[in-house]
Each structure stands twice: as C-alpha cells, then as structure tokens.
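Beneath this line is the structure, given in structure tokens, with notes to follow.
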Amino acid sequence: MNTPIIVNESTDKKAKPSADQLGFGKYFTDHMFIMDYDSGLGWHDPRIVPYQPIVLDPAAKVFHYGQTVFEGMKAFVASDGRILLFRPEKNLRRLNFSNHRMSIPQLDEEVALEAIRQLVLLERDWIPAEPGTSLYVRPFVIATQPALGVAPSEQYRFIVILSPVGAYYAEGINPVSIYVEPEFVRAVAGGVGNAKTAGNYAAGLIAQQEASRQGYSQVLWLDGVHRTYIEEVGSMNVFFKVGDTVLTPELNGSILDGVTRDSVIRLLKHWGIAVEQRRISIAELVEAQRNGSLTEAFGTGTAAVISPIGELYWQGEKFSVNEGRTGDLSAKIYDALTGIQRGTEPDPFGWMLEL
Ligand code: COI
C-alpha cells in the first residue's frame, strides 16, 4: 500500500479544553485517520478527515461478534517544542498480534505509523504541555461487513482518533485501594487475554462495578484456572516489591504484554534492581505483607503510567501496602518514565520517536 494519505482539513475548529478540564478520553481533536479494507483489495484509501461520527450498517460484524482490536499510545510536546511519541513501534507490533488473534488482516506497520505521524503533526496544537498531560493516540480496527454468519469479516476499517488527556485515575499518582476478585476472571490462557480486544474490557466491568460498590478503585485479577495466581490489576499490568526484588506475573498467554510493563522491567534492570517474572500467588503476597517484606505494589499502563496500590482487600481482610503511601521506587519509576517521555531526562533506550 503506497497510496499517499489524503488530507481533508476541517474548516470548523473546536475550542480546546484547559489542562484542569481534561480527565481521560473526554475530548477529541479536529481530525481522525481512516483506512478501509476489502478482501481482494487489501487496505486502501488512507485519509485524514474532519473528526466525525461514522455510519455503519447495523449488521456490521463488530456489533455482533466483537471482531475488533485497539491500541493506546501517547504523544508529548517537549519544552524545546519537539513532538515525541513513546515506543509507537511496540504498540503497532502488538496491534498486529491482536489482529492475528482476532482474525483481522495485518496492517502495514509503517503505513500505520506514518498515518499517526501525519495526524499528530496536524493536531500538534492539541498536545497539552502541563505535567501529567499528553495526547492519547487511540488506533483501532473494526469489522464492518454487514453479515450475521460467524466468520471473519471481509471488510474492516482502521481508525485513529486523538484525545488530549490528564490523569487516568482521579487518584493520579496517589495510591488506590484494590479488591482482589474472588469469582470473576479477566481471561484464560488460550483465550484472548493477551490481545487488546474490546471483550476483555467489557468482561471486566461487572467485577469493577462490585469493587466500586464496596469502595475500592480497582480489581486485582486472579488466574482463571486455579483462582490463585495474580494476573493484572484493573486494565494494567501489576508489580510488587518484595524484599529487594520486584516481582511481576510472567506473560502466560492471558496477560497483556504491556509496553509500560516492558519499559518498567528495562528501567529496573538498568538500575541494577532484581526483577522476577513468574507466577505469584495471592497467598505469597499476603504472607509477604504479614512478614513486612511486601513494601510496594503498583499497576503500570499507558494511560495511568504508574498507579501505586495502597491497600488490598482479600477474603474479608484488608492488607495495607507501605501504610497506604506512594513508595519511593514507584515514585522514582514514575519520574523516570515521564521525564523520558517529556524529553526532560535522557532517553538511554531510544524509546522516543521524534515526529
Ligand atoms: C492503557 O493503559 O492504555 C489501557 O489499556 C487502559 C485503557 C483501556 C484506557
């Protein structure tokens, strides 16, 4: 697909929100990218158009069988004016991994990156500059063929929208309290837990609702077979500092291969801190909390970056972590990652792509 991207500029520009209005995913920029797929033709007609509703046939397969994938990445404006994207290649590789799992045709990752580059540059005035803000890039693919037979769609649409964002959780970098989910599971090995597909998030809502009802911000997911081993927290990967070692669940097929997860592991190793990726049981964590060796816990994700955990609720008991305060290591990782992302700290791993 070597077709140039056609740009149809909007004449109707929206008012931009102030940094304190942002929240997460509430505002969208003036333009979006669209590209279509038809079997036989492949991906075609890449174009940037004014942000607008899309018209779909009610029989489009995405509505009935959930054939869809998405990604999330962030763009930043550095103090010297450079526009930087955080590890977009890794997100686009994962988009194609998810496409494969959901029987969606592969995208040309270079074309997708060029589309994001052109779209973000066109919308550069929308990138907020205040600490804790960024321009969230949401690429996604939907199955658009109007047909009710359960079979891969013969038509798709790849869309990229942009949203200026602040903190994902109201708590920001302050610790959240977590409900260890005893009944529902997020995903199982062999299923779609390691693909970024809508159903994983819809399936988690019921437990999230119950956790909120009981006064907890997020759910800690246990594995689907034994209900014993830690998987993820909310929509993030999860880490625990036990003694001098940082533990995180290994990628077992039902856990998302998070870009922030990978970045945190690489940062920790760079600092000479031991990291173990392995099975971690809830019993091991409870024991570590009781004997005082569990000193920090935090979630990692593109949206929240780092979300410290201040308390765990499991089987009728509350277990506090670091007396409910943000740990030194969590704060150090947050500062390092956001410093690299905003271009205020050196980027030893070459993670930032200048657009
Ligand atoms: C991310 O951290 O980017 C996520 O996956 C959360 C998203 C579903 C809002």
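Tell me, 134, 177 in order of fewest to most beta-carbon neighbours within 10 Å?
Starting with the residue having the fewest Cβ neighbours, the order is 177, 134.
For the chain, give the magnitude of the charge dipole about the Cα centre (Cβ charges: +1 Lys/Arg, -1 Asp/Glu; no others), in debye to the nearest 20.
120
Could you tell me which residue out of 197, 282, 239 lies farthest along the dipole of region 176-342 toward its positive end? Charges go on the beta carbon: Lys and Arg +1, Asp and Glu -1, centred on the Cα centre.
197
Angle, helix 259-270 long axis vs. longest principal axis of the chain, Cα atoms, 0 to 90°, nearest 10?
Roughly 50 degrees between the two axes.
Restricting to DSSP H runs of at least four residues, report the calculated mean residue ellipticity at 222 nm for the chain, -39500 (n - 2.57) per run over all residues, nearest 500 deg cm²/dmol.
The per-residue figure over the chain is -7500 deg cm²/dmol.
What's the FRET efficiency of residue 283 with residue 317 using the Cβ-Cβ distance as r and R₀ = 22 Å, to the nearest 0.05?
E between residue 283 and residue 317, to the nearest 0.05, is 0.95.
Let me see the P(r) profile for the chain: every Cα-Cα distance counted, bins of 20 Å, each bin given as a percent of all pairs.
29, 58, 14, 0
Can you give me the Cα centroid spacing of region 301-318 and region 216-289 in angstrom?
11
DSSP beta bridges in the chain, what fraction antiparallel, as a percent rounded to 5?
80
If you line up the long axis of helix 328-342 against the longest principal axis of the chain, both from Cα atoms, how many degrees apart are they, to the nearest 10?
With rounding to tens, the tilt is 20 degrees.
So which of 90/196; 26/332; 74/196; 26/241 end up more than 23 Å apart, counting from Cα to Cα?
Exceeds cut-off: 26/332; 26/241.
Can you run the Rg to Rh ratio on region 176-342? Use alpha carbon positions and the Kirkwood inverse-distance Rh.
We get a ratio of 0.93 for region 176-342.
Which net charge results when you count Lys and Arg as +1 and Asp and Glu as -1 among the other residues whose beta-carbon is under 11 Å from that of residue 86?
+2
Grab the beta carbon distance between residue 147 and residue 18, set R0 = 45 Å, and tell me the FRET efficiency rounded to 0.05.
0.50
If you take every residue apart from residue 37 with its C-beta less than 14 Å away from the C-beta of residue 37, what net charge results, scoring Lys and Arg +1 and Asp and Glu -1?
Counting the neighbours of residue 37, the net charge comes to -2.
Pull up the DSSP beta bridges for region 246-355 and report the antiparallel fraction as a percent, rounded to 5.
The answer is about 75 percent antiparallel.
Is the C-alpha gyration tensor of region 49-113 telling us rounded, prolate or oblate? Criteria: a/c under 1.5 is rounded; beyond that, a/b larger than b/c is prolate, otherwise oblate.
Here region 49-113 falls in the oblate category.
Cut-off is 10 Å between beta-carbons; in what order do 6, 48, 178, 161 appear when sorted fewest neighbours first?
Ascending Cβ contact count within 10 Å gives the list 6, 161, 48, 178.
What nm value, rounded to one decimal, do you get for the distance between residue 271 and residue 257 when each label is placed 7 Å out toward the C-beta?
Inter-label distance under the simple model: 2.5 nm.
Mind jotting down the distance between the C-alpha centroids of region 126-194 and region 39-65, whole Å?
Here the answer is 18 Å between Cα centres.
Please arrange 320, 153 by counting, for each residue, the other beta carbons lying within 10 Å of its beta carbon, fewest first.
320, 153
In degrees between 0 and 90, to the nearest 10, how far off the longest principal axis of the chain does helix 88-101 point, with axes built from Cα atoms?
Taking the Cα atoms of the chain, the angle to 88-101 is about 90 degrees.
Rounded, prolate or oblate for region 167-266? Axes are the square roots of the Cα gyration tensor eigenvalues, ordered a ≥ b ≥ c, and the cut-off for rounded is a/c under 1.5.
Rounded shape, in that the Cα axes give a/c under 1.5.
Read the figures in this text as sums done on the coordinates, not as results from a lab. What you see is a predicted model; the values in this text were computed from it and never measured. When we count neighbours, we look across all protein chains shown, and the Cβ atoms used for this are built from the backbone with ideal geometry, even at glycine.
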